Amino acid sequence: MNILIMVIFVVLAAFTLAAGVMVVTVKNIIHAALWLIASFFSVAAMYLLMEAEFIAIVQVLVYVGAISILVLFAIMLTRHVTGEGVRQLYKRWWIALIVAAALFGVLIVPTVFNYEWAVQPSGAQISIASTVEIGTAFMREYLLPFEVASVLLLVALIGAIVIAFEERSTRRRVLTLAEEVEQRRQRNESLRLAPTTHASETSE
Amino acid sequence: MVPVSYYVLLSAVLFTLGVVGVLTRRNALIVFMSVEMMLNSANLALVAFAQRWQSANGQILVFFVITVAAAEVAVGLALLVTIFRSKRTTDIDEINTLKG
């Protein structure tokens with residue numbers, strides 16, 4: 001049983017890391033978003049492995065269901081500059097790599113290896129933190145943070161609408177597909193015409 | 001049972017990956033996704049600790065982190081779309097109006 005859990009963990013961890021690497025490195029931004037969804041899913045599976053079923057469900061609902069859809073919509077709204085031809089990397093990316101490696105080496109690895117992980121926690125209950133326990137905690141000692149979180153969500157909702165709102169007069173008309181194809185054809189034609197006139201001028 | 005240190009190490013690697021993404025990529029959307037990944041790695045470590053100490057408090061903190069992340073994404077993407085509308089770009093190197 002333990003070996004099985006270990007194997008599942010290793011597979012999930014490898015998949016999560018692979019998905020993370022793809023998010024950071026892949027050129028096409030839609031693919032990056034899809035890999036991000038994959039990594040969210042495998043992290044949710046890892047929560048299930050840790051018997052945190054409530055958090056796993058919330059992860060799938062909020063991250064996979066809402067946040068990734070929002071990111072995909074943002075990509076679609078800004079699609080004209082997110083193609084593969086655009087230069088994507090910061091020009092001194094190797095400095096950033098060194099900084100990240102230093103962060104990992106100096107800050108994180110000593111914490112993991114020097115802490116006494118094997119010590120059994122004192123006074124631990126036998127019961128696992130269940131959804132019932134979490135719900136009770138939300139209604140008792142965490143009632144105020146819970147309410148503040150709901151107010152925060154409301155504020156974020158109103159803020160997002162206010163920021164992204166566009167006056168009707170300034171809004172660009174949404175083109176139908178046929179109009180867009182026609183527009184693109186005209187643009188291509190003008191591009192094709194321009195070099196030829198230029199060439200004829202130089203030949204004369 | 002998987003040792004907690006494995007989870008912490010995995011979350012550290014994920015966090016570093018997110019840092020690399022934030023520092024190297026120039027597209028604001030990818031930077032956004034990398035930030036989400038860093039939040040996710042912090043959540044992973046928190047849930048691992050909650051499981052080790054058999055307490056609900058870690059999971060409750062994760063719930064609040066997810067709430068704040070959702071709010072952040074909503075406002076951040078609205079800002080991004082607005083910036084794109086006025087500047088026609090999502091390249092963070094070109095959005096430098098406030099640079100001194």
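In the range A:39-52, how many are modelled with pLDDT under 90 and surrounded by fewer than 20 Cβ atoms within 10 Å (Cβ to Cβ)?
Qualifying residue count for the region: 1.
Determine which single condition A:LEU36 fails, assuming it passes every other condition in (1) surrounded by fewer than 18 Cβ atoms within 10 Å (Cβ to Cβ); (2) modelled with pLDDT of 90 or more.
Just one mismatch for A:LEU36, condition (1).
Could you say whether any residue in the range A:97-119 is out of contact with any Phe, Trp or Tyr (no Cβ under 6 Å at 6 or more places or on another chain), acidic (Asp, Glu) and at pLDDT 75 or above?
So far as the range A:97-119 goes, no, none of its residues is out of contact with any Phe, Trp or Tyr (no Cβ under 6 Å at 6 or more places or on another chain), acidic (Asp, Glu) and at pLDDT 75 or above.
Kindly establish whether A:THR196 is surrounded by fewer than 10 Cβ atoms within 10 Å (Cβ to Cβ), modelled with pLDDT under 70 and among the polar types (S, T, N, Q).
Against the criterion (surrounded by fewer than 10 Cβ atoms within 10 Å (Cβ to Cβ), modelled with pLDDT under 70 and among the polar types (S, T, N, Q)), A:THR196 qualifies.
Across the range A:17-58, what is the total count of residues that are of a type in the set (S, T, N, Q) and at the interface with chain B (Cβ under 7 Å from one of its Cβ atoms)?
1
Considering B:LEU61, B:LEU46, B:LEU17, which residue is over 25 Å from A:GLY159 (Cα atoms) and more than 7 Å from chain A (Cβ to nearest Cβ)?
B:LEU46
The values are calculated or read from the model by the stated rules, or taken from the named source; none is laboratory data. Not measured: the values here are computed from a predicted model. Ideal geometry is used to build each Cβ from the backbone, glycine not excepted, and the neighbour counts take in all protein chains shown.
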